[in-house]
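Here's the structure, in structure tokens; my notes come after.
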2 protein chains.
Amino acid sequence: MPEGGKVTTSVILAAAGASTRLRAEVRKPYIEVAGEPIFYHSLELFTSLESLLEFVIVVHPLDRPDFTRNYGAQLESLPVPVHVVPGGEHRSESIARALDAASADADLIAIHDAVRPFTEPAVIRRVVARARETGAAIAATRVSDTVKAQGRGEGSEAPSIEATVPRRGLWFAQTPQVFHADLIRRAYRQFGPDPDATDDAELVERLGHPVSLVEGGRLNIKITTREDLELARAITAHVRGARTPG
Amino acid sequence: MPEGGKVTTSVILAAAGASTRLRAEVRKPYIEVAGEPIFYHSLELFTSLESLLEFVIVVHPLDRPDFTRNYGAQLESLPVPVHVVPGGEHRSESIARALDAASADADLIAIHDAVRPFTEPAVIRRVVARARETGAAIAATRVSDTVKAQGRGEGSEAPSIEATVPRRGLWFAQTPQVFHADLIRRAYRQFGPDPDATDDAELVERLGHPVSLVEGGRLNIKITTREDLELARAITAHVRGARTPG
């Protein structure tokens, strides 16, 4: 990491998920919201980042052939190079491939879910700034609801509560998750790829390196279910309505 | 509980929260969304319940004088009697007062957050049916995000992750929370009111009585922050747009 000098950031966009929960005709990142595919909204969030070096998009192998044909022109209008990488068997393997494809010149690696198109650019800047300082930082939001633990060994047929879990100090991990490039590469070499790791910070945590938490806001939602998609359309319509002049 | 016969349900609407998080001019339940105050949307969700006996609304003591003046006419149009009770120092004390005010004839007590106006009536019916069967049931939704525990003893200035928490079997409690009337009254006599109890199920759990979990859906949100309010307006505009014929 150059002292006080120019820092460069590679942004990895994770778009390779199988979308099994949504059961849509096209995979989630390609569903259009407000006239653009969701992944493109997510990409655009990073274009104002001063340190932006490149995008690495991990797509589902089945989507790879159509990807450049469908979106090539759109991607060329972006201010930095875009590399497209076919994803692996699971999320962690996809990110490992993206890390291999990212430039060796990148000081920071920012990993973002392609289906998280509402992250505020100010949040992105804060996570990047914090990661630059501490080595690792993620957007996250405090758990404010009451959490219940279901009885162990129960099926999903008729679940019941075993205990109320103290929520104090609990956060939900979101993205972006931003790391010094050498740190996240070391974490993946040592502990990854791991199908059980639900985010990238987890592998860095295993190295014993502290990962900072930056408030990401409750609108930084991940579009996972059909209801989320409805919500996304509602948010976009609302935000657009509020922002459109006259 | 009458065997197979007619069951009656008292609905307690918790509207006494101090709304400190929203810092609005009026308390959250009274903010208008789509032309009606939020609490009224929440009340209306229960009017199609076959077993409905009465509403007990717990309001903030400061709101008590204006409440009947502002909403009396609206409340009279509801199909069952409405009792208005001033709230206590904290949520649990407010519910204790509402339980005292509820009819001794109620077989079931359903407790619902006034600021949860999007619960689907089908969810309400399912929770009521399950509570009738098992004694206690709540709407809840599975935790699908990665959960991180913040390091102990850290301030909110620069929090960092201590561990990733296994999310399997974790649920968020929502409302409605529905109980056999004698069970919830016993739980409150024995363990309540308790300022640390973040929901009513917790007191029933302490009795050792199983509390069933019923999938409440992710749109069953609680309007807590200004962002939630934005989201609520967006959802309402969207749902209205979709439902308005022609």
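The values are calculated or read from the model by the stated rules, or taken from the named source; none is laboratory data. Just so it is clear, the model here is predicted, and its values are computed rather than measured. As a convention, Cβ positions derive from the backbone with ideal geometry for all residues, glycine included, and neighbour counts pool all protein chains shown. For the accessible areas, the whole protein counts, side chains as well, though only heavy atoms, and no ligand, DNA or RNA atoms are used. Shrake-Rupley method; radii C 1.70, N 1.55, O 1.52, S 1.80 Å.
Mind listing just one residue for me: the one in the stretch B:166-180 that is facing chain A (nearest Cβ under 7 Å) and not small (Gly, Ala, Ser) and, of those, nearest to A:VAL143 (Cα to Cα)?
In the first step, residues of the stretch B:166-180 are kept if they are facing chain A (nearest Cβ under 7 Å); the result is B:169-173.
The next check asks that each one be not small (Gly, Ala, Ser); those that pass are B:170-172.
On the way: B:LEU170: 12, B:TRP171: 12, B:PHE172: 10 Å.
Restricting to residues being facing chain A (nearest Cβ under 7 Å) and not small (Gly, Ala, Ser), the top hit is B:PHE172.
So, restricting to strands (runs of 3 or more DSSP E) that lie completely within the stretch B:144-222, which ones have at least 2 residues that are within 24 Å of A:ALA158 (Cα to Cα)? Break it down into steps so the answer makes sense when it comes.
Details: elements: B:147-150, B:161-165, B:170-180, B:212-215.
Counting at least 2 such residues, we get B:170-180, B:212-215.
Exactly one condition in (1) modelled with pLDDT of 95 or more; (2) farther than 12 Å from B:THR146 by Cβ; (3) open to solvent by less than 60 Å² (accessible area, probe 1.4 Å) is false for A:PRO159; which is it?
Exception for A:PRO159: condition (1).
Tell me whether the stretch B:173-187 contains one or more residues that are among the polar types (S, T, N, Q) and farther than 30 Å from A:ASP228 by Cβ.
Looking through the stretch B:173-187, none of the residues is among the polar types (S, T, N, Q) and farther than 30 Å from A:ASP228 by Cβ.
On the basis of being surrounded by fewer than 18 Cβ atoms within 10 Å (Cβ to Cβ) and not basic (Lys, Arg), does A:HIS83 make the cut? Reasoning before the result, please.
Working: surrounded by fewer than 18 Cβ atoms within 10 Å (Cβ to Cβ): yes; not basic (Lys, Arg): yes.
In short, yes.
I'd like to know if the stretch A:71-93 contains one or more residues that are within 14 Å of another protein chain (Cβ to nearest Cβ) and of a type outside the set (A, V, I, L, M). Reasoning before the result, please.
As a first pass, look at the stretch A:71-93 and keep what is within 14 Å of another protein chain (Cβ to nearest Cβ): A:91-92.
Imposing the further condition that a residue be of a type outside the set (A, V, I, L, M) reduces the set to A:91-92.
Checked the stretch A:71-93: at least one residue is within 14 Å of another protein chain (Cβ to nearest Cβ) and of a type outside the set (A, V, I, L, M).
Tally up the residues in the stretch B:2-29 that are open to solvent by less than 30 Å² (accessible area, probe 1.4 Å), of a type in the set (A, V, I, L, M) and either closer than 21 Å to B:ASN70 by Cβ or modelled with pLDDT under 60 (or both), please. Write out each step before concluding.
Initial filter on the stretch B:2-29 (open to solvent by less than 30 Å² (accessible area, probe 1.4 Å)): B:7-16, B:19, B:22, B:28-29.
Of the ones still in play, those that are also of a type in the set (A, V, I, L, M) are B:7, B:11-16, B:22.
Filter once more, so that each one left must be either closer than 21 Å to B:ASN70 by Cβ or modelled with pLDDT under 60 (or both): B:11-16, B:22.
So the count comes out to 7.
Starting from residues that are in contact (Cβ under 8 Å) with a residue 40 or more places away in the chain and not in a helix (DSSP H, G or I), keep the ones in the stretch A:32-51 and report whichever is surrounded by the most Cβ atoms within 10 Å (Cβ to Cβ).
The qualifying residue surrounded by the most Cβ atoms within 10 Å (Cβ to Cβ) is A:PHE46.
Would you point out the residue of the stretch B:218-236, among those that are touching an Asp or Glu at 6+ places or on another chain (Cβ under 7 Å) and more than 7 Å from chain A (Cβ to nearest Cβ), that is farthest from A:THR224 (Cα to Cα)?
Out of the qualifying residues, it is B:LYS222.
With respect to A:GLU54, determine if the residue is in contact (Cβ under 8 Å) with a residue 24 or more places away in the chain and part of a helix (DSSP H, G or I).
Numbers: in contact (Cβ under 8 Å) with a residue 24 or more places away in the chain: yes; part of a helix (DSSP H, G or I): no.
Considered against the rule, which asks whether it is in contact (Cβ under 8 Å) with a residue 24 or more places away in the chain and part of a helix (DSSP H, G or I), A:GLU54 comes out as no.
Condition first: more than 11 Å from chain B (Cβ to nearest Cβ) and over 18 Å from B:ARG142 (Cβ atoms). Can you find one or more residues in the stretch A:145-165 that meet it?
No.
Looking only at residues that are open to solvent by less than 30 Å² (accessible area, probe 1.4 Å) and of a type in the set (S, T, N, Q) in the stretch A:105-149, which one is farthest from the chain's Cα centre (by Cα)?
A:THR146
Among the residues of the stretch B:123-138, which ones are touching a residue at least 40 places away in the same chain (Cβ under 8 Å) and either more than 11 Å from every other protein chain (Cβ to nearest Cβ) or hydroxyl-bearing (Ser, Thr, Tyr) (or both)?
Answer for the stretch B:123-138, where residues must be touching a residue at least 40 places away in the same chain (Cβ under 8 Å) and either more than 11 Å from every other protein chain (Cβ to nearest Cβ) or hydroxyl-bearing (Ser, Thr, Tyr) (or both): B:VAL123, B:ILE124, B:ARG125, B:ARG126, B:VAL127, B:VAL128, B:ALA131, B:ARG132, B:THR134.
For the stretch B:79-107, which residues satisfy the criterion of being part of a helix (DSSP H, G or I) and not aliphatic (A, V, I, L, M)?
So the first thing to find is which residues in the stretch B:79-107 are part of a helix (DSSP H, G or I), and the list is B:91-101.
Listed by number, the residues that qualify are B:ARG91, B:SER92, B:GLU93, B:SER94, B:ARG97, B:ASP100.
Whether any residue in the stretch B:61-72 is outside any helix (DSSP H, G or I) and touching a helix residue (DSSP H, G or I) at 6+ places or on another chain (Cβ under 9 Å) is what I want to check.
no
Of the conditions (1) within 16 Å of the chain's Cα centre (by Cα); (2) closer than 23 Å to B:ALA122 by Cβ, B:TYR30 clears all except one; give me its number.
It is condition (2) that B:TYR30 fails.
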